[in-house]
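If you scroll down you'll find the structure; I have some questions about it.
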Amino acid sequence: MTEVADQYLGNIQENAELSQRLARENCLEVHLSPSDRVKGRIHAHTDSGVAVGIIKSRELSLQEGDVFQTESGKLVLIHLQSQKLMVLSFSSSTADTLPTKLIHLGHVLGNHHCPIIVRKNKIYLQLTVDAAVMEETIADFQIPGLKIDYELRSPSEYLNFYDHTHPHH
């Protein structure tokens, strides 16, 4: 049977009383992926194998240490896994001499539904497919000066690929 957790109580890093309550009571703990942060409905399993359904507002972006209460009164503590990102960097001459290839690369990444963030001459990719597949796809462009690295970001260093707004008409 699935425990349904739909009441948000707060975060143990911001609420000392909640932290003390968690220490006193037996709680369920779930480890979620970074992509689960913004979902309205999340199905997960606790460390002990209990199925948990978390229902929350999409406006609430989950943080490490968030606590929910289930319909049966049990507490659910949220842990967030680290975020693995592919990082593309270019030599300055690449950006100046190969804009067509870079635009085509951006188009292909979009076709793969690969969320990106561009910061300080680097492109951060949230991997939606196997890293080897993305590396092969990017290598097909034969862009000189292109370097592929990886970063593992802790939940506190999370890059939000979905935090954007635009007007709706």
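A short reminder: the numbers here are calculations on the coordinates, not readings from a lab. The shown structure was predicted, so the numbers you read here are calculated from the model rather than taken from an experiment. Here Cβ is always computed from backbone atoms with ideal geometry, including for glycine, and neighbour counts include all displayed protein chains.
One residue is enough: does the stretch 63-83 have a residue meeting the conditions of a type in the set (A, V, I, L, M), part of a helix (DSSP H, G or I) and in contact with a Ser or Thr (Cβ under 7 Å, 6 or more places away or on another chain)?
So far as the stretch 63-83 goes, no, none of its residues is of a type in the set (A, V, I, L, M), part of a helix (DSSP H, G or I) and in contact with a Ser or Thr (Cβ under 7 Å, 6 or more places away or on another chain).
Moving on to the next point. List, please: which pairs have Cβ atoms under 9 Å, are six or more places apart or on different chains, and start with a residue in the stretch 138-150 that is on the phi > 0 side of the Ramachandran plot and end with one that is surrounded by 11 or more Cβ atoms within 10 Å (Cβ to Cβ) and assigned to a loop (DSSP other than H, G, I, E, B)?
G145/S91; G145/L98
Residues in the stretch 14-31: is at least one under 18 Å from F161 (Cβ atoms) and without any contact (Cβ under 8 Å) to a residue 24 or more places away in the chain?
no
Would you confirm, using the coordinates I've provided, whether S72 is small (G, A, S) and over 20 Å from the mean Cα position of the chain (by Cα)?
Answer is yes for this residue.
Same structure, new question: Run down R21, R58 and say which single residue is in a helix (DSSP H, G or I) and among the charged types (D, E, K, R).
R21
Still on this structure: On the given criteria, is V118 part of a strand (DSSP E or B), without any contact (Cβ under 8 Å) to a residue 24 or more places away in the chain and either out of contact with any Asp or Glu (no Cβ under 9 Å at 6 or more places or on another chain) or farther than 30 Å from H43 by Cα (or both)?
Here the answer is yes, as V118 does meet what is asked.
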